[in-house]
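Taking it in order: structure first as structure tokens, then the write-up.
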Amino acid sequence: MANKPSLKSVNRLRFLHNNDERERRIAAAPETPLPKDYPVNRLSRALHPDRQYVKIAAIKTWDDNCKSFTFAPDPARGTEHLAFFKAGSYLSVFLDVDGMKLTRPYSISSSPAEALDDRVTLTIKRVPGGIASNYMLDHWQMGDEVTLTGPLGEFVYLPVRDGKTVIGVAGGSGITPFHSFAKAIAEGDEDFRLVLLYGSRTEKDILFKDEFDEIQKLTDKVKVVHVLSDEEKPGFEHGFITAELIKKYAPQEDYSIFLCGPAGMYSFLDKQIETLHLERKWVRHELQGEVHNPEKLPDYPNSRPVPAEVKITVRICGEEQTITADTGDTILQSLEKHGIAAPAHCRSGECGWCHSLLLSGEVYCPKHLEHRREADLDFGYIHPCCTFPLSDIAVEVPYAK
């Protein structure tokens, strides 16, 4: 058997004679210009657009505090087709509210197959005192122009990581990605069994109840268990979603737990899930969302005086300005309130899109939102979306969105 060539068997002196051959081939090559665009670039732009320019094509009102907005492409502004996505993804919405430049992330509630028909739906619930949700629910109308990002997020099913059964745990509007998951399973775009435990106060508070009922008729891979905290009714579980309730509906083999809901639900369920002694890889959280009232968090530095207001000097795109900020607001929130269009998507410290350099001053980042790399910690980078000023600070933001 002949010896296989290796690096040691290569005659390195032969490379000295390659220049003549290279020059010959270059001279013999046609002068046809190289393509300005390649198929892989077109595919990348289609799947990962920086912006999607859309119009509101349909509005479904669930109640005064919740609506589903369906969007279609707006070719006049440059979007011919919507990007495909994996169930569980989110989109960020760009808003200008009375001069405030805002972004807000919302899980997609429609299925991936609907994107192929150039439709995508976000279901938005009113947040008391929330600037963005109140604006959208009170002002958005049919035909309005809206700007979205491409699909984002890591709250997606991956067969190499997740179990064949997913116990989904949802609270309130945290049901939206699970509606997308369930539709994708019924339509054949996802292949796993979903057992969904959905917590609501009362039966009338349940979102997508009729839709889930129809999905369960189409496939035996989706089972929905409604859990009512404030009502006892036949056919419904009562109380809160606990470890015991998860065990009641969990399979004997390995399974994943996907959670999406308010911060209070996460705090309660994380402690419950610890008693199940699952490996960490089996438990997945959707983004935490914005943090408010940082002084109430257990790791906030309450042992030292923190002023109510501070000065933030921000450098962005070669310009510098100083604003007055409330220490109860994140740095990102303060920038937005002053009309500074800083980059952001997840608003939970995870995606790193708002990655900025802290030039001076003291800040606080809640421990449960600390997703920075070690290099960021070493070189003074922060995520303004989940970082609060404790003193006057200076920060350099990489670019304007």
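Quick notes on this one:
- When each of Gly153, Gly163 is tested for being within 20 Å of Ala115 (Cβ to Cβ) and not aliphatic (A, V, I, L, M), the lone residue that passes is Gly153.
- Subset of segment 226-255 (residues that are among the hydrophobic types (A, V, I, L, M, F, W, C) and within 29 Å of the chain's Cα centre (by Cα)): Val227, Leu228, Phe240, Ile241, Ala243, Leu245, Ile246, Ala250
- Count - residues of segment 320-339 that are part of a loop (DSSP other than H, G, I, E, B) and either surrounded by 22 or more Cβ atoms within 10 Å (Cβ to Cβ) or within 22 Å of the chain's Cα centre (by Cα) (or both): 2
- Test: Asp254 is touching a Phe, Trp or Tyr at 6+ places or on another chain (Cβ under 9 Å) and not assigned by TED's automatic domain parsing to the domain that holds His179: no
- Pair list, Cβ under 9 Å, 6 or more apart: segment 351-367 residue within 14 Å of Thr313 (Cβ to Cβ), other residue surrounded by 19 or more Cβ atoms within 10 Å (Cβ to Cβ) and among the aromatic types (Phe, Trp, Tyr): Val363/Phe388
- Of residues in segment 369-401 being within 20 Å of Thr322 (Cα to Cα) and among the aromatic types (Phe, Trp, Tyr), the one surrounded by the fewest Cβ atoms within 10 Å (Cβ to Cβ): Tyr399
- Output for segment 134-158, where each listed residue is within 30 Å of Ser256 (Cβ to Cβ), modelled with pLDDT of 95 or more and outside any strand (DSSP E or B): Thr149, Gly150, Pro151, Phe155, Val156, Tyr157, Leu158
- The set of residues in segment 56-83 being within 30 Å of Phe192 (Cβ to Cβ), assigned to a loop (DSSP other than H, G, I, E, B) and without any contact (Cβ under 8 Å) to a residue 40 or more places away in the chain consists of His81, Leu82.
- Any hit, segment 23-42, residues being under 24 Å from His345 (Cβ atoms), in a strand (DSSP E or B) and at pLDDT 85 or above: no
- Residues in segment 314-361 that are acidic (Asp, Glu) and touching a strand residue (DSSP E or B) at 6+ places or on another chain (Cβ under 7 Å): Glu320, Asp326, Glu336.
- Qualifying position, being touching a strand residue (DSSP E or B) at 6+ places or on another chain (Cβ under 6 Å) and charged (D, E, K, R), among Lys281, Lys311, Lys271: Lys311
- Checked against the criteria, Gly172 does not count as among the small types (Gly, Ala, Ser) and modelled with pLDDT of 95 or more.
- Set Ala83, Ala76, Ala72: member being under 27 Å from Asp210 (Cα atoms), of a type in the set (Gly, Ala, Ser) and at pLDDT 95 or above: Ala72
- Ile312 among the β-branched types (Val, Ile, Thr), modelled with pLDDT of 95 or more and outside the structural domain of Thr202 (by TED's automatic domain parsing): yes
- In segment 341-368, the residues that are crowded, with 17+ Cβ neighbours inside 10 Å and among the basic types (Lys, Arg): Arg347
- Residues located in segment 229-239, provided they are out of contact with any strand residue (DSSP E or B) (no Cβ under 6 Å at 6 or more places or on another chain) and surrounded by 15 or more Cβ atoms within 10 Å (Cβ to Cβ): Ser229
- Filtered residue count, segment 283-312, keeping only those that are closer than 30 Å to Ser256 by Cα, of a type outside the set (A, V, I, L, M) and in contact with a Phe, Trp or Tyr (Cβ under 9 Å, 6 or more places away or on another chain): 5
The values are calculated or read from the model by the stated rules, or taken from the named source; none is laboratory data. Model, not experiment: these values are computed from the prediction. Glycine also receives a Cβ, built like all others from the backbone with ideal geometry; neighbour counts cover every protein chain displayed.
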